[in-house]
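The values are calculated or read from the model by the stated rules, or taken from the named source; none is laboratory data. Here the structure is a predicted model, which is why all the values come from computation and not from measurement. All Cβ positions, even for glycine, are placed from backbone atoms using ideal geometry, and neighbour counts span all protein chains on display. Note: accessible area is taken over every heavy atom of the protein model, side chains too, but ligands, DNA and RNA are not part of it. Shrake-Rupley method; radii C 1.70, N 1.55, O 1.52, S 1.80 Å.
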Amino acid sequence: MTSISSSLQLAIPLHVSYIKALGDNKDDLTYHLTAHLRMNAVYWGLTALCIMGHKEALPREETVEFVMSCWDDEAGAFGAHPDHDAHLHSTLSAIQILLMQNALDRIDIHRVVKFILSLHQPSGVFAGDSFGETDTRFLYCAVSALSLLGQLHLLDSEAKERTVNYIVRCRNFDGGFGSVVGAESHAAQVFVCVAALAILDRLDAVDEETLGWWLCERQLPNGGLNGRPEKLEDVCYSFWVLSAMSILDKIPWIDVDKLIGFILSAQDLEGGGIADRPGDMADVFHTLFGVAGA
Amino acid sequence: MHGVKRIRQSAQVLEAKRLREKAKLDDYLSLTQDVLSRKKSRDWSEEALQLTSRLLQVNPEFYTIWNYRRNIFLNGIFPRSSLEEINDLITKDLSSTMTALKAHPKVYWIWNHRRWCLENTPNGPGAPGEADADSWRKTNWDRELFVVEKLLDADPRNFHAWNYRRYVLASMPVPRSAKSELAYTCRKIEANISNFSAWHQRSKVLTSLGESSGSVPSQYLEEEFNLLRNAMYTDPSDQSVWIYHRWLMGAGK
């Protein structure tokens with residue numbers, strides 16, 4: 001049986017130019033309307049370039065200076081854009097970017113760690129910022145950030161237990177995990193919970209058989225993956241679902257060739273970049289997750 | 001970005017679009033600059049509040065501005081307002097976020113602001129112990145269930161709305177019964193068998209009825225299997241039904 005992917009390739013040079021050109025959109029209203037995502041977008045773009053072997057396409061100095069310009073000195077952490085408030089999500093992206101650019105020495109680690117730990121709730125979850133929205137996404141951001149900074153040991157055994165217990169309380173009847181206690185399983189939340197447990201070395205909290213089944217049921221006849229039952233396929237789930245399956249060592253439970261074929265067919269072979277599904281507009285978010293999946 | 005169709009546009013079309021948007025862009029950038037500089041200088045005025053309203057209408061995902069708006073309320077406006085005035089302002093923000101949610105039902109920041117409004121509804125109008133000591137809060141909370149039901153009618157799989165529903169049910173001054181929630185999920189499932197969100201909610205309500213045991217009390221099992229059997233006959237290819245069945249078989253232990 002010939003695989004679909006043999007007729008399509010990952011158009012690396014095209015995607016590299018696409019990512020390079022993203023910063024040129026300063027006349028575009030949409031570019032400015034998404035300033036609250038800029039730190040994340042730089043992370044997505046840089047990571048995709050690294051995977052494709054073209055990290056140099058984004059100039060190192062400029063990237064590092066951009067990250068540092070998002071430092072919120074009042075909070076001691078990073079916002080999404082200059083003058084935007086600090087948030088755990090943008091702080092993780094900042095750390096990831098600086099790590100990839102070998103510039104972690106630019107961070108005031110002590111202050112950032114203080115910010116992260118200040119967001120740890122009695123229930124074990126983390127808030128995203130001082131306004132208190134809680135979500136397992138932020139739990140992952142905190143654990144991952146601390147780990148990348150080499151400061152995970154600052155979560156003492158009581159704090160670690162509390163964190164793991166929160167994740168366990170988010171476990172649902174289908175083996176999956178939601179954003180908060182009681183929430184429906186969603187592939188992105190499954191990723192953040194499973195990844196956090198992996199970092200904390202507590203994968204024993206996962207019902208691997210049940211969750212493995214729920215995850216492989218995300219694959220649709222067209223090869224794409226969805227995020228929840230009866231939802232549409234979307235390239236970004238190539239990352240959320242696939243990463244979780246990789247951590248659980250269950251990649252063979254899905255048809256990898258068909259998935260690759262789906263991702264490649266969502267490429268924009270004229271302008272570059274990858275979209276959520278074939279025929280849609282490309283964006284940097286889906287470009288990263290498509291490249292990572294493929 | 002999700003679900004946006006790719007359209008090939010010629011250089012001329014793109015240039016025309018750019019010119020049309022230029023005025024909007026200039027307005028947006030100058031408004032943003034104005035608001036952010038007021039924020040930096042800790043401007044907690046009524047005028048600043050109005051500017052945040054304008055900016056958030058254009059871009060409800062600008063989380064920093066939601067933060068600033070709340071800080072204006074807390075630091076500037078609430079301290080010089082009566083409890084009744086505070087309740088009025090909160091009620092107005094609940095109303096404007098409802099409008100925003102109809103257009104942007106999946107924006108976390110709008111849902112967050114609603115929660116903040118509810119949690120900051122003052123006690124009153126009566127004094128503690130009086131009959132109407134809690135009326136403002138009761139009114140605001142009761143309305144929330146109605147708001148969430150409207151949004152779940154529009155999109156029965158909107159997890160923001162389902163999460164919010166659970167939050168409201170857990171926080172309401174006068175709680176609803178587990179039975180009424182089972183009835184609600186049943187209605188949602190009857191409307192659409194493959195509403196996994198409703199099946200999930202059902203699994204949570206049933207588990208809560210089992211309290212600390214973590215399993216479904218046996219008196220509910222027969223009804224569940226009946227519901228499942230009907231669903232299986234209606235649409236045997238729907239995965240919700242099989243995943244739920246697998247769980248129920250385990251829960252019966």
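Here are some notes:
- Filtered residue count, region B:36-46, keeping only those that are more than 10 Å from chain A (Cβ to nearest Cβ) and at negative phi: 6
- Wholly within region B:5-85, helices (runs of 4 or more DSSP H) carrying at least 1 residues that are open to solvent by 30 Å² or more (accessible area, probe 1.4 Å) and at pLDDT below 95: B:11-40
- Count of residues meeting criterion [out of contact with any Phe, Trp or Tyr (no Cβ under 9 Å at 6 or more places or on another chain) and either outside any helix (DSSP H, G or I) or open to solvent by less than 30 Å² (accessible area, probe 1.4 Å) (or both)] in region B:86-97: 1
- Within region A:7-96, helices (runs of 4 or more DSSP H) holding 3 or more residues that are in contact with a helix residue (DSSP H, G or I) (Cβ under 9 Å, 6 or more places away or on another chain), farther than 25 Å from A:Leu259 by Cα and open to solvent by less than 50 Å² (accessible area, probe 1.4 Å): A:29-33, A:38-51, A:60-69
- Single condition A:Leu139 does not satisfy, out of (1) within 14 Å of another protein chain (Cβ to nearest Cβ); (2) closer than 27 Å to A:Tyr43 by Cα; (3) out of contact with any His (no Cβ under 8 Å at 6 or more places or on another chain): (1)
- Hits in region B:202-214 (condition: away from every other protein chain (no Cβ under 11 Å) and open to solvent by less than 40 Å² (accessible area, probe 1.4 Å)): B:Gly210
- Filtered residue count, region A:226-253, keeping only those that are in a loop (DSSP other than H, G, I, E, B), away from chain B (no Cβ under 14 Å) and closer than 11 Å to A:Gly293 by Cβ: 0
- Qualifying residue in region A:215-225 (condition: open to solvent by 10 Å² or more (accessible area, probe 1.4 Å), within 14 Å of chain B (Cβ to nearest Cβ) and in contact with a Leu (Cβ under 6 Å, 6 or more places away or on another chain)): yes
- Helices (runs of 4 or more DSSP H) wholly inside region B:117-201 that include at least 3 residues being surrounded by fewer than 19 Cβ atoms within 10 Å (Cβ to Cβ) and without any contact (Cβ under 8 Å) to a residue 40 or more places away in the chain: B:135-154, B:178-191
- Test: residue in region A:229-241 that is in contact with a Gly (Cβ under 7 Å, 6 or more places away or on another chain), aromatic (Phe, Trp, Tyr), over 18 Å from A:Leu139 (Cα atoms) and open to solvent by 10 Å² or more (accessible area, probe 1.4 Å): yes
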